[in-house]
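First up is the structure itself, then whatever we jot down about it.
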Amino acid sequence: MTLWCPFDNFPAFDHPGAFVQPIATPRHTPFYEFHRAAGGRLIDFAGFEMPVRYTGDVREHRCVRGAAGLFDISHMGEFEVSGPGACETLDRLVTNDVSALEVGQALYSPACRPDGGIVDDLLVYRLPDRYMVVVNASNIAKDFAWIREASLPGVRLKDRSDETALLAIQGPRAADVMRGHVPPAALDLGYYRFMIGPMFGAEGVISRTGYTGEDGFELYFHPRDAERVWTGILSAGRPHGLEPVGLGARDTLRLEMAYMLYGNDISDTTNPLEAGLGWTVKLKKASDFTGKQALLDQRAKGLARKLVGFSLEGRRVPRHDMAIECAGREVGKVTSGTFAPSLERPIGLGYVEAGCAAVGSAIEIRAGEARLAARVVARPFYTQGSHR
């Protein structure tokens, strides 16, 4: 049997914290009607009408931490990059080392502008004869144009976003939900590994990455199989406590892990070094990459600011763009903030001057006329996740 995976000769159709503003005519994922039937509260997010919650953010958050949650993330973008020069093209665009990927392996990487600013943070999957690039929903058009402009002669680039459905199963019981519905080898996949195989009566890519800090899987398949996969997962997951989860809980889960959200914590005005993503910047890889010289200069000069995690006293939540003060002086801005259900306290991320970035540093968050006492803490905030 020939197994489906994104880009296998399907006709081409001509990517939370602070949610994006509503648009006049939002798009829908293949699971839109299932969200409505499940009572999901729908909002416009990155041009798509998506469920922000079903039963409640805290309940859904705790469901993922304690059992398993099902996320529709079909709004993300998927590109096929193939042909001679595909690897070199991607290596010239991202800071991580694409050439080091084995077939069946994925990597996370920022992609930078010449000044070091982050175009997007994305995933690159290596298939036997091509690459899959997964980008943020709000950046699909921008990223596609950016890759196309930088592609070497002979490279073939296709946007497969509209013909790719994507679900994530996250939680300590994720493997229990999958067992018997995917090949046994899928349950043994290492972190950032994937395979092509059958799943819940469909065929596609079974991946093991994640955005919650819990064990989990991502399933890429054709939208024509949306109903059988969605209902199959819910049926298989019911005995294990699985529930559908919306964007609200997805945001609190990722923030407890200090995972960054593009447009909030990283953007084209921030660079990977100051964001704490230096581990993704392979300055010694064979290919030069866009932004390399700027990052080398930044490293030599020293960082003027750093992204830090902080914890607050009391229960008031920090909000995006609130000022951060140290010793009575403004030293930065909040990029993300929430009340962390797993920790039962407010937490946040923000850029501060390097001199105020050490763990243990006392800072304050300016909330109108109030000053909220806070302290820089180590990241991630939550350290009990089940992901291996």
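The values are calculated or read from the model by the stated rules, or taken from the named source; none is laboratory data. None of the values given here were measured: they were computed from a predicted structure. Note: ideal-geometry Cβ built from the backbone for every residue, glycine included; neighbour counts use all protein chains shown.
With charged (D, E, K, R) and closer than 26 Å to Val124 by Cα as the only criterion, which of Arg224, Arg305, Arg238 stands out?
Result of the check over Arg224, Arg305, Arg238: Arg224.
What do you reckon, is Leu307 crowded, with 19+ Cβ neighbours inside 10 Å, in contact with an Asp or Glu (Cβ under 8 Å, 6 or more places away or on another chain) and not in a loop (DSSP other than H, G, I, E, B)?
Yes.
Quickly run through the stretch 176-199 and pick out the residues that are of a type outside the set (Lys, Arg) and out of contact with any strand residue (DSSP E or B) (no Cβ under 8 Å at 6 or more places or on another chain).
Of everything in the stretch 176-199, those that are of a type outside the set (Lys, Arg) and out of contact with any strand residue (DSSP E or B) (no Cβ under 8 Å at 6 or more places or on another chain) turn out to be Gly180, Pro184, Asp188, Gly190, Tyr191.
Residues Gly248, Gly276, Gly237, Gly241: which one is within 30 Å of Ala100 (Cα to Cα), at pLDDT 95 or above and either under 18 Å from the mean Cα position of the chain (by Cα) or not assigned by TED's automatic domain parsing to the domain that holds Pro341 (or both)?
It is Gly276.
Going through the stretch 238-259 one residue at a time, which ones are part of a loop (DSSP other than H, G, I, E, B) and buried (at least 24 other Cβ atoms within 10 Å of the Cβ)?
Correct list: Val245, Gly246.
Can you name the residue in the stretch 96-115 that is part of a loop (DSSP other than H, G, I, E, B) and touching an Asp or Glu at 6+ places or on another chain (Cβ under 8 Å) and is also farthest from Thr209 (Cα to Cα) among such residues?
Per the stated criteria, the residue is Arg113.
When you look at Arg299, is it touching a Leu at 6+ places or on another chain (Cβ under 8 Å) and assigned to a loop (DSSP other than H, G, I, E, B), yes or no?
In short, no.
If you scan the stretch 310-325, which residues turn out to be in a strand (DSSP E or B) and of a type in the set (A, V, I, L, M)?
Leu312, Ala323, Ile324
May I ask you to verify whether Leu312 is over 30 Å from Gly190 (Cβ atoms), modelled with pLDDT of 95 or more and surrounded by fewer than 15 Cβ atoms within 10 Å (Cβ to Cβ)?
no
Considering only the stretch 122-226, give the strands (runs of 3 or more DSSP E) lying wholly within it that have at least 2 residues that are modelled with pLDDT of 95 or more and buried (at least 21 other Cβ atoms within 10 Å of the Cβ).
Strands (runs of 3 or more DSSP E) meeting the threshold: 130-135, 165-170, 194-199, 202-207, 216-221.
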